[in-house]
Amino acid sequence: MLEIERKFLFNTKIPEEVIEEATRHLLIVQWYLNPPDRRRIRIIVDESDFYVVQTLKSGAGLIREEIEKRVDLSLIIKMRKELRVSKAVMKSRHVYMRNGIEGVVDWYLLPRIGYVLEVETSDPEAVLPDPWNYWPLPRDSFEEVTENRSYTARSISVSINSIAGIIPERIESISDHQISEFRRLLQPIYGDSGGIDS
């Protein structure tokens, strides 16, 4: 599938009412397997279920090709040692759909880089809006990083030794059930509960 996307850093807190307008609220961990393996493996926890997704991307910047398929949870169990030593990112994702354009607000739990916002489509004829026209947010708080390869999720991914202290007790627009399920799914890989260290 074709993915046409603009990506932006956002340097201030996003108001709660903007996050609440999203149609979906997700918790995501995505691992980047070590070369030569180019796959990305994700666990996605939404309000009612969880999914394991395997993705292969090619291209860079504004236009990329993406092949994505759902896989069984048993893949995570089978690959747990490999995933534990693979770099990853963790984030909450808030998804919007307006005029055929998908908007995404990612709040990074790891690495702690704050907010990354995207506007995207698979339609090569569509015109992607500026994000300050998509969300009611101040124009001067955005920095476009679409063509900056140092801001791909693979580039910013980090090694994780433990999830203790990484996953907050509360995340805006994410239910307690989602947080609990997310921790449960990560436990076989990292072996700890993911709670706040005391």
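When you check residue 28 against the structure, is it part of a helix (DSSP H, G or I), surrounded by 11 or more Cβ atoms within 10 Å (Cβ to Cβ) and touching a residue at least 60 places away in the same chain (Cβ under 8 Å), yes or no?
no
Just one of the numbered conditions (1) among the hydroxyl-bearing types (Ser, Thr, Tyr); (2) within 22 Å of residue 29 (Cα to Cα); (3) modelled with pLDDT under 95 is not true of residue 122; which one?
The number of the failed condition is (2).
Condition first: part of a helix (DSSP H, G or I) and at pLDDT 95 or above. Now tell me which residues in the range 148-161 satisfy that.
If the condition is that a residue be part of a helix (DSSP H, G or I) and at pLDDT 95 or above, then 156 is the only one that fits.
Show the residue pairs meeting these rules: Cβ distance below 8 Å; 6+ apart or different chains; first residue within the range 176-190 and over 17 Å from residue 93 (Cβ atoms); second residue of a type in the set (A, V, I, L, M) and assigned to a helix (DSSP H, G or I).
Pairs found: 188/76; 188/77; 189/76; 189/83.
Anything in the range 31-48 that is more than 14 Å from residue 93 (Cα to Cα) and either among the acidic types (Asp, Glu) or buried (at least 16 other Cβ atoms within 10 Å of the Cβ) (or both)? List them, or say none.
31, 32, 33, 37, 40, 41
Quick check on the range 49-60: of everything there that is exposed (fewer than 14 other Cβ atoms within 10 Å of the Cβ) and modelled with pLDDT under 95, which residue is nearest to the chain's Cα centre (by Cα)?
Per the criteria, the residue is 56.
Hey, any hits in the range 103-115 for a residue that's in contact with a Ser or Thr (Cβ under 6 Å, 6 or more places away or on another chain), crowded, with 18+ Cβ neighbours inside 10 Å and either within 20 Å of residue 53 (Cα to Cα) or not β-branched (Val, Ile, Thr) (or both)?
Checked against the condition, which is being in contact with a Ser or Thr (Cβ under 6 Å, 6 or more places away or on another chain), crowded, with 18+ Cβ neighbours inside 10 Å and either within 20 Å of residue 53 (Cα to Cα) or not β-branched (Val, Ile, Thr) (or both), the range 103-115 yields at least one hit.
Just give me the residues in the range 137-147 being in a loop (DSSP other than H, G, I, E, B) and out of contact with any Phe, Trp or Tyr (no Cβ under 6 Å at 6 or more places or on another chain), in sequence order.
137, 138, 146, 147 - these are the residues of the range 137-147 that are in a loop (DSSP other than H, G, I, E, B) and out of contact with any Phe, Trp or Tyr (no Cβ under 6 Å at 6 or more places or on another chain).
Does residue 167 qualify as being modelled with pLDDT of 95 or more and either within 19 Å of the chain's Cα centre (by Cα) or farther than 27 Å from residue 16 by Cβ (or both)?
no
Name every residue in the range 125-142 that is surrounded by 14 or more Cβ atoms within 10 Å (Cβ to Cβ) and at pLDDT 95 or above, in order of residue number.
128, 129, 131, 132, 134, 135, 137, 141, 142
Just need a number here: residues in the range 34-45 that are within 12 Å of residue 71 (Cβ to Cβ) and either over 15 Å from the mean Cα position of the chain (by Cα) or in a loop (DSSP other than H, G, I, E, B) (or both).
1
Counting just the residues of the range 175-198 that are outside any loop (DSSP other than H, G, I, E, B) and of a type in the set (S, T, N, Q), which one comes out modelled with the lowest pLDDT?
Among residues in the range 175-198 that are outside any loop (DSSP other than H, G, I, E, B) and of a type in the set (S, T, N, Q), the one modelled with the lowest pLDDT is 187.
Those residues that are of a type outside the set (A, V, I, L, M, F, W, C), more than 13 Å from residue 22 (Cα to Cα) and surrounded by 20 or more Cβ atoms within 10 Å (Cβ to Cβ), I need them from the range 84-102; list them, please.
Correct list: 86, 91.
The values are calculated or read from the model by the stated rules, or taken from the named source; none is laboratory data. For clarity, every value in this text was computed on a predicted model and none was experimentally measured. No Cβ is skipped: glycine too gets one built from the backbone with ideal geometry, and neighbour counts run over all protein chains shown.
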